[in-house]
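Structure first, then comments.
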Amino acid sequence: MAEKNKPIKCSKCGHEFNEEELFDEHMAYVHNSRILCKDCLVTLGDNMETAKTYLEYQNDQRTTKPHDW
């Protein structure tokens with residue numbers, strides 16, 4: 001039986017991201033190594049320019065899901 005991946009959640013509010021949301025440019029962000037939803041990132045008021053989208057972060061880590069081809 002295949003193991004189910006651990007869900008990825010916003011570290012502030014606990015919103016659980018589905019796979020589509022993770023790779024949407026405007027839903028999931030990584031800021032100071034914390035995964036945050038857009039709403040929580042805005043409420044931080046911290047320098048938002050330092051936040052990366054989850055997709056950018058994954059590309060930087062070279063851990064993106066390989067293509068199915």
Completion exercise
The number of residues in region 17-59 that are part of a loop (DSSP other than H, G, I, E, B) and either over 21 Å from Lys6 (Cα atoms) or at pLDDT below 85 (or both) is 8
Exercise for the section: Test Gly14 against the criterion of being of a type in the set (Gly, Ala, Ser), at positive phi and at pLDDT below 80, and give yes or no. Expected result: no
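The values are calculated or read from the model by the stated rules, or taken from the named source; none is laboratory data. Fair warning: this is a prediction, and the values are worked out from it, not measured in the lab.
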